[in-house]
Amino acid sequence: MSQATAASRPQGRPKNLRPGQRAARRRTARAALLFLSPWIAGFLIFTLWPVLYSGYLSLTDYDVINNPNFIGLENYERLFDDPKTRLALWNTFVYTVLSVPVHVIVALLLALLLNRAGRASGFFRTVFYLPNMTPPVAIGILVLLLFNGQNGLINEVLGLVGIDGPSWTTDAAWIKPGLILMSLWTLGASVIILLAALRNVPQELYDSAKVDGANAWHTTTKITIPMVSGTLFFLVIINTIAAFQTFTEAYTAFFGAGNSTYSNDAALFYAIYIFQQAFEFLNMGYASAMAWLLFVIVMAVTGLQVVISRRLVYYEGGNNNA
């Protein structure tokens, strides 16, 4: 057999191994499986099995106390007749459509500033990331403290410049904008990810653009953003999924104990309504059907984003339709 033929043959599993080599490979495989077994067991027991069992529960009438009673697709039919389900879905869609672009754009702007900070960038990376360590429940309490329409810090600052701040926590039109602004508290992780992407943009591209007379706007829109578009797409995906599952901050601020005085219909997100059906009203079967509907919606939206990204995301060395 010629060297060219041998080189062109696919490199598969080596053949004609000696018994000692085969035994060593088996020992290596067993050792790898042994180290992976805790994760595999955890995934099967705490992730895959609950997901599959919730699919069964979605076809039953189950109140946690009594045994599940199979009712077929009645829970799914009820989803389309429940006005609160439609309200929760609408609130979640509006919040997602508004919050994800704001989150990604602000994170990109901060990352661009940090990329020019030089040696001080290490300090500011820490400053931006520290709020991510704040417990979500504390953020929900901060919503009430900062956005209180009467004596909240935000309105007091606006009052210093002659602006009469809105009732962030009681006016339905301002509840979601307030939550969106508060969600920027934890965008530090996105800033760090984008900063790493910006550091990987080849400097030669900027040097060439400078020679050609390009200004800062041209280099940002024609070089920087296309080169980090893959990272931007990643952030859009994960933040979209997170926005569809928004729960803790809004629940703490508007549905927790002692918060009955606040208007909460505008803050009734889908994950909150699932929680209410499952653990407050004990409609576990109906809540499982709601969870599966959310899963289908998230998968559909993610698939749509992937299709759109084929024309918008630049992959170095790959095929791009744009």
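The values are calculated or read from the model by the stated rules, or taken from the named source; none is laboratory data. Computed from a predicted structure; not experimentally measured. Cβ placement follows ideal geometry from the backbone for every residue including glycine, while neighbour counts extend to all protein chains displayed.
Scanning the range 267-309 for residues that are within 13 Å of LYS84 (Cβ to Cβ), outside any helix (DSSP H, G or I) and not polar (S, T, N, Q) yields LEU268, PHE269, PHE281.
Within the range 48-69, being among the hydroxyl-bearing types (Ser, Thr, Tyr) and free of Cβ contacts under 8 Å to residues at least 12 places away in the same chain holds for one residue alone: TYR53. Of all residues in the range 110-137, count the ones that are assigned to a helix (DSSP H, G or I), at negative phi and either over 21 Å from the mean Cα position of the chain (by Cα) or loosely packed, with under 12 Cβ neighbours inside 10 Å (or both). Residues flagged as assigned to a helix (DSSP H, G or I), at negative phi and either over 21 Å from the mean Cα position of the chain (by Cα) or loosely packed, with under 12 Cβ neighbours inside 10 Å (or both) within the range 110-137 amount to 14.
In the range 148-164 there is at least one residue matching the filter, namely being on the phi > 0 side of the Ramachandran plot and without any contact (Cβ under 8 Å) to a residue 60 or more places away in the chain. In the set ALA243, ALA189, ALA250, ALA197, only one residue is assigned to a helix (DSSP H, G or I), more than 26 Å from ARG125 (Cα to Cα), touching a helix residue (DSSP H, G or I) at 6+ places or on another chain (Cβ under 8 Å) and at pLDDT 90 or above; that residue is ALA250.
When ILE65 is tested against (1) in contact with a Leu (Cβ under 9 Å, 6 or more places away or on another chain); (2) modelled with pLDDT of 95 or more; (3) of a type in the set (Val, Ile, Thr), just one condition goes unmet, and that condition is (2).
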